[in-house]
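The values are calculated or read from the model by the stated rules, or taken from the named source; none is laboratory data. This structure is a prediction, so every number in the text was calculated from the model and none was measured. Because the Cβ atoms are built from the backbone with ideal geometry, glycine has one as well, and the counts that use them run over all protein chains shown.
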Amino acid sequence: MTSVRRPLVPVYGRLPLLFALILQGAVYWGAKGITAGWYHRDMTGALDGAVPFLPWTAVIYVLAYAFWAANYVLAVRQDEENGFRFLAADALGKLVCFAAFLLLPTTNLRPEIPADAPFGWLLGLIYAVDAPDALFPSMHCFCSWLCWAGLRGQKDIPAWYRGFSLVFALAIAASTLTTRQHVLADALAGIALAELCWQTAARTSLGARYRRLWTRRTPVTGKEVP
């Protein structure tokens with residue numbers, strides 16, 4: 001008997017995952033374009049001054065993108081119900097981010113990067129391509145915390161990886177502060193939003209409704225139409 005290998009990304013999750021990627025870019029860069037020239041509020045607080053400036057943590061900040069790719073796929077491929085719950089929470093949170101970026105445009109003041117700072121070149125590249133706006137809430141923190149929330153109840157995922165996901169999500173949140181990409185208010189808001197969206201999707205029919213947007217079923221068999 002030959003075993004059937006599961007695809008990396010199930011058919012039901014392919015287009016929704018692609019949409020999640022497109023939505024993130026549209027929300028982030030779209031808000032930046034719309035609010036260009038608007039007044040932006042600096043939300044730097046007293047506690048932000050106590051956070052050390054560590055240019056080398058730009059490595060963690062950039063590795064977030066690989067972390068998201070892995071965990072978004074893992075969250076979606078466990079089963080269809082959990083997958084669409086995760087995707088619904090993701091879409092809801094990103095729409096809330098878009099509204100926040102428009103209603104409360106924010107910015108912060110970035111420091112000079114020492115010439116001899118480890119990985120200072122990487123942080124300089126981030127600064128060059130990513131202007132300090134569309135900050136509240138932090139989408140870096142939102143996506144990273146959701147990556148943990150989507151896996152933490154999944155027993156099929158090894159416990160060590162679920163633990164790693166929590167630790168790395170927190171490390172990413174810390175890196176947004178130590179690179180001065182965000183301030184504490186941005187990071188906390190991003191984490192809180194991710195948890196709120198996940199709980200909303202888990203406790204309501206939001207996931208099922210989002211699933212119906214992406215799947216079609218035949219009237220007789222109830223099976224999905226490819």
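A few notes on this one:
- Ala174 being surrounded by fewer than 22 Cβ atoms within 10 Å (Cβ to Cβ), among the small types (Gly, Ala, Ser) and at negative phi: yes
- Among residues of the stretch 131-165, those that are in contact with a helix residue (DSSP H, G or I) (Cβ under 9 Å, 6 or more places away or on another chain) and closer than 24 Å to Leu23 by Cα, counted: 21
- Only residues that are in contact (Cβ under 8 Å) with a residue 60 or more places away in the chain, of a type outside the set (A, V, I, L, M) and in contact with a helix residue (DSSP H, G or I) (Cβ under 7 Å, 6 or more places away or on another chain) were counted across the stretch 103-130, and they come to 5.
- If you go through the stretch 33-53 and keep only what is in contact with a Phe, Trp or Tyr (Cβ under 9 Å, 6 or more places away or on another chain) and either more than 14 Å from Pro132 (Cβ to Cβ) or not β-branched (Val, Ile, Thr) (or both), you end up with Ile34, Arg41, Met43.
- Comparison of Ile34, Ile22 shows that the only residue that is part of a helix (DSSP H, G or I), of a type in the set (Val, Ile, Thr), at pLDDT 95 or above and exposed (fewer than 12 other Cβ atoms within 10 Å of the Cβ) is Ile22.
- Helices (runs of 4 or more DSSP H) (entirely within the stretch 109-226) containing at least 1 residues that are at pLDDT 95 or above and under 14 Å from the mean Cα position of the chain (by Cα): 139-149, 159-178, 184-203
- Within the stretch 82-102, the set of residues being among the charged types (D, E, K, R) and either free of Cβ contacts under 8 Å to residues at least 24 places away in the same chain or surrounded by 24 or more Cβ atoms within 10 Å (Cβ to Cβ) (or both) comprises Arg85, Asp90.
- Any hit, the stretch 53-62, residues being at pLDDT 95 or above, surrounded by fewer than 18 Cβ atoms within 10 Å (Cβ to Cβ) and not in a helix (DSSP H, G or I): yes
- Within the span defined as the stretch 143-164, every residue fails to be among the aliphatic types (A, V, I, L, M) and under 23 Å from Glu112 (Cβ atoms).
- Being aliphatic (A, V, I, L, M) and either more than 17 Å from the chain's Cα centre (by Cα) or under 15 Å from Thr106 (Cα atoms) (or both) holds for only one residue in Ile60, Ile34, and it is Ile34.
- Positions within the stretch 85-115 being among the charged types (D, E, K, R) and more than 11 Å from Ala31 (Cβ to Cβ), in sequence order: Arg85, Asp90, Arg110, Glu112
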